[in-house]
Amino acid sequence: MFIRLIFLFLLFYLVFLVVRFFQSLGQSIQRKNAGPDSLPKKTMVKDEVCNTYIPVDEALKENRNGRVYYFCSEDCRKKFLASGEKFD
């Protein structure tokens, strides 16, 4: 009787391990298929001079008349400041 209980316990445990293995296998396939859509998105802003888009955390910023302008380089920022006008 005791041997039957041990056998049943081992059988259930083996089934449990097999089920858990296939569940983890399915989750790893889903992660592989996630692709670039799962990457965090960066907010892009437009350079007012050369009209390129750059990530907001890499952009140079200039406040003028209560508005924030973004630039890809110091040269673009200087051109904007020298012109004295908006590049809208």
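Of note:
- Cβ pairs under 7 Å, 6+ apart, first in segment 68-82 and assigned by TED's automatic domain parsing to the domain that holds E58, second basic (K, R): V68/K61; Y70/K46; Y70/K61; F71/R77
- Within segment 54-82, the residues that satisfy the criterion of being over 17 Å from T43 (Cβ atoms) and surrounded by 11 or more Cβ atoms within 10 Å (Cβ to Cβ) are E62, R64, S73, D75, C76, R77, K78, K79, F80, L81.
The values are calculated or read from the model by the stated rules, or taken from the named source; none is laboratory data. Everything numeric here is computed off the predicted structure, so don't read it as measured data. Ideal geometry is used to build each Cβ from the backbone, glycine not excepted, and the neighbour counts take in all protein chains shown.
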